[in-house]
Amino acid sequence: MLRKALLSLALAASAVFVPLSGQASAEEASPPTAAAVTVYFDTTSAPTYRSAIRQGAANWNSRVTNVKLVENASAATLRYREGNDSRGSWASTDGHGRGTIFIDHTQARQYYVVRITAHETGHALGLPDHYSGPCSELMSGGGPGTSCTNAYPNSTEASRVNSLWANGFAGTYEWKVIYEQLPVAVG
Ligand SMILES: [Zn+2]
């Protein structure tokens, strides 16, 4: 109970210092900007994959300039969860920084987990699946098989995300639920 009280206190305290203007919820009021906007994410409900999620976000941050991923549970519009789902991992997202990403334990054992987290994050940044692509492409997901350990977007994918975020949070976005309907697992 004390822990919960402290957590609430910590969240309340941190919320005071979090600027709300840059969040997706303020998109209608925010004019387009050339500066990178920040998408805040929360790993609280995906403790097993916390470091993989952080690495996947860092990989995106190292390749794109118009949007930045920052972990901040109290300001988060993008939340990661983990568990077991017969449909595998999925992303329920507007493709523009909001939503939930679910990491399936079974797939996380089969595939390189940073590739999974970075791939799912790619959906939250607006990219669709392209399973027929090579391992060098992040959004080819499980297509190249379980041996693929590339967890970085290629230059085409990075350019696409930069153009999707050229106007920051401005624009209207369609909510989608994207399941990783992978080819039959190898091995
Ligand atoms: Zn996907």
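Would you be able to tell me the number of residues in region 113-129 that are within 7 Å of the ligand (Cβ to nearest atom) and part of a loop (DSSP other than H, G, I, E, B)?
Taking region 113-129 as the starting set, the residues that turn out to be within 7 Å of the ligand (Cβ to nearest atom) are 119-120, 123, 129.
After this cut, where a residue has to be part of a loop (DSSP other than H, G, I, E, B) as well, the list is 129.
Total satisfying the criteria: 1.
For region 55-87, how many residues meet the condition of being touching a Leu at 6+ places or on another chain (Cβ under 9 Å) and either surrounded by fewer than 17 Cβ atoms within 10 Å (Cβ to Cβ) or of a type in the set (Gly, Ala, Ser) (or both)?
Here is the first cut: in region 55-87, the ones touching a Leu at 6+ places or on another chain (Cβ under 9 Å) are 56-61, 64, 66-67, 69, 73-75, 78.
After this cut, where a residue has to be either surrounded by fewer than 17 Cβ atoms within 10 Å (Cβ to Cβ) or of a type in the set (Gly, Ala, Ser) (or both) as well, the list is 56-58, 61, 73-75.
The qualifying residues number 7.
Scanning for something within 12 Å of the ligand (Cβ to nearest atom) and surrounded by 15 or more Cβ atoms within 10 Å (Cβ to Cβ), does region 158-171 turn up at least one residue?
Taking region 158-171 first, the residues within 12 Å of the ligand (Cβ to nearest atom) are none.
Looking through region 158-171, none of the residues is within 12 Å of the ligand (Cβ to nearest atom) and surrounded by 15 or more Cβ atoms within 10 Å (Cβ to Cβ).
Hey, does region 75-91 have a residue that's on the phi > 0 side of the Ramachandran plot and either assigned to a strand (DSSP E or B) or hydrophobic (A, V, I, L, M, F, W, C) (or both)? It would help to see each step written out before you state the result.
Here is the first cut: in region 75-91, the ones on the phi > 0 side of the Ramachandran plot are 83, 88.
Checking which are either assigned to a strand (DSSP E or B) or hydrophobic (A, V, I, L, M, F, W, C) (or both) leaves us with 83.
Yes - at least one qualifying residue is present in region 75-91.
Of all residues in region 148-171, which are touching a Gly at 6+ places or on another chain (Cβ under 9 Å) and farther than 19 Å from VAL64 by Cα?
CYS148
Pull up region 91-110, narrow it to residues that are under 19 Å from THR149 (Cα atoms) and not polar (S, T, N, Q), then point me to the one that is surrounded by the most Cβ atoms within 10 Å (Cβ to Cβ).
ILE103
Counting only residues that are in contact with a Lys or Arg (Cβ under 9 Å, 6 or more places away or on another chain) and assigned to a loop (DSSP other than H, G, I, E, B), how many does region 144-184 have?
11
Table: residues versus (1) more than 19 Å from VAL177 (Cα to Cα); (2) of a type in the set (Phe, Trp, Tyr).
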residue: SER74; (1), (2): yes, no
residue: LEU78; (1), (2): no, no
residue: GLU82; (1), (2): no, no
residue: TRP90; (1), (2): no, yes
residue: GLY95; (1), (2): no, no
residue: ALA118; (1), (2): no, no
residue: ALA124; (1), (2): no, no
residue: SER136; (1), (2): yes, no
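If the Cβ limit is 7 Å and pairs must be 6+ apart or interchain, which residue in region 148-171 that is touching a residue at least 60 places away in the same chain (Cβ under 8 Å) pairs with which residue that is among the basic types (Lys, Arg)?
Final answer for the pair search is ALA151/ARG115; TYR152/ARG63; PRO153/ARG63; ALA158/ARG63.
Each reported figure results from applying straightforward, stated rules to the coordinates on display, with no laboratory input. Owing to the predicted nature of the structure, the values given are computational and were not obtained by experimental measurement. Glycine gets a Cβ as well: all are built from the backbone with ideal geometry, and neighbour counts include every protein chain shown.
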